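The structure appears below as structure tokens.
The values are calculated or read from the model by the stated rules, or taken from the named source; none is laboratory data. All of these numbers come straight from a predicted model, not from anything done at the bench. A quick note on method: Cβ atoms are made from the backbone with ideal geometry, for glycine too, and the neighbour counts reach across all protein chains shown.
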């Protein structure tokens with residue numbers, strides 16, 4: 001009996017490991033890490049490094065380990081020669097024909113740097129599509145399960161109520177986004193779909209009391225945060241601004257039917273209307289400390305009594321996710337050809353600024369599925385709302 005109980009416990013633990021954190025986003029991240037480390041030439045430590053990273057980022061370890069087997073002996077010759085070809089292209093700027101005879105003739109030392117560089121390039125080139133296919137596969141499978149469950153919810157013969165769904169609001173929001181952004185160009189549509197599934201911001205906002213009255217989103221992008229605020233009250237006035245005219249056009253198309261007024265404008269000169277909710281998502285680092293303080297002061301002035309100011313900034317606590325978040329921010333700054341470097345303040349700096357402005361404060365530390373880490377500050381202006 002004891003032996004059978006032990007087998008049961010072991011089997012339960014194995015099933016738990018196989019199923020741990022298998023959301024589409026985390027499954028895709030696990031495959032990305034596994035494939036990348038299966039190609040990177042740290043022979044003898046590839047699986048150990050991949051599993052260690054999966055543990056650090058709380059990914060599915062069995063799936064990560066399985067993905068490292070892309071570096072199996074059968075595929076290894078193709079990976080080596082592919083790495084050499086890509087590496088010589090990246091290092092020397094030319095395509096070379098690589099064969100055992102050419103390597104022996106020129107000496108392996110001359111190929112070492114191209115091999116290392118090329119393996120990194122090849123790791124990304126193979127890991128990205130593998131992760132994308134994994135994400136789509138898991139998302140499709142989850143959709144089938146949800147459809148099956150929802151389809152049986154009204155079956156009188158079963159006489160069994162459907163299971164409670166704690167994420168009904170998030171699912172409703174995703175469905176609304178998919179419907180409203182279906183008409184924008186495919187690249188933006190793909191970005192929006194990935195954004196609402198990988199970024200925990202929206203699920204956190206859906207859990208908050210977003211107050212009443214007009215909503216202002218400074219740096220609104222495609223308008224996703226505005227849609228969260230107006231999900232339960234389509235008549236709620238929405239104001240947004242962004243420097244990117246293309247994103248504003250997509251947001252206007254998606255928010256058609258809402259009470260939305262969007263404009264292409266610089267946040268630093270945008271006249272903030274009186275509002276019950278002001279959102280600033282990932283925008284404050286575009287300003288230096290004085291600029292951030294001035295923008296927060298303008299927001300608090302525009303807030304109605306009882307109004308809420310919600311803004312998100314990168315996590316300031318030391319750690320791997322902080323470094324990844326800062327690296328991605330800098331990459332986005334360069335991609336958008338921003339001439340300034342991002343300015344990161346510590347959480348204590350924002351606490352001090354908000355205290356000086358006389359608003360109450362709460363904080364939510366979040367980690368996205370990529371994984372990136374942020375702090376969401378929720379401030380409230382003293383006083384009762386006008387319609388209270």
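Odds and ends about this structure:
- Test: residue in region 47-64 that is out of contact with any helix residue (DSSP H, G or I) (no Cβ under 9 Å at 6 or more places or on another chain), in a loop (DSSP other than H, G, I, E, B) and either within 13 Å of residue 122 (Cβ to Cβ) or at pLDDT below 90 (or both): no
Residue-by-condition table, conditions (1) exposed (fewer than 14 other Cβ atoms within 10 Å of the Cβ); (2) modelled with pLDDT under 85; (3) not in a helix (DSSP H, G or I):
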{"site": "140", "(1), (2), (3)": "yes, yes, no"}
{"site": "153", "(1), (2), (3)": "yes, yes, yes"}
{"site": "161", "(1), (2), (3)": "yes, yes, yes"}
{"site": "179", "(1), (2), (3)": "yes, no, no"}
{"site": "187", "(1), (2), (3)": "yes, yes, no"}
{"site": "195", "(1), (2), (3)": "no, no, no"}
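- Taking each residue of region 197-226 that is farther than 16 Å from residue 254 by Cβ and looking for partners that are modelled with pLDDT of 90 or more and in a helix (DSSP H, G or I) with beta-carbon atoms closer than 6 Å, six or more apart or interchain, yields 205/228; 210/229.
- All positions within region 272-291 that are farther than 18 Å from residue 360 by Cα and either part of a helix (DSSP H, G or I) or in contact (Cβ under 8 Å) with a residue 60 or more places away in the chain (or both): 274, 281, 282, 283, 284, 285, 286, 289, 290, 291
- Test: residue in region 1-10 that is more than 22 Å from residue 197 (Cα to Cα), outside any helix (DSSP H, G or I) and at pLDDT below 80: yes
- Total residues in region 34-66, condition within 20 Å of the chain's Cα centre (by Cα), touching a residue at least 60 places away in the same chain (Cβ under 8 Å) and surrounded by fewer than 24 Cβ atoms within 10 Å (Cβ to Cβ): 3
- Residues being closer than 17 Å to residue 311 by Cα and out of contact with any strand residue (DSSP E or B) (no Cβ under 6 Å at 6 or more places or on another chain) - total across region 224-240: 3
- Which listed residue is under 29 Å from residue 385 (Cβ atoms), touching a helix residue (DSSP H, G or I) at 6+ places or on another chain (Cβ under 8 Å) and without any contact (Cβ under 8 Å) to a residue 40 or more places away in the chain, from 240, 257: 240
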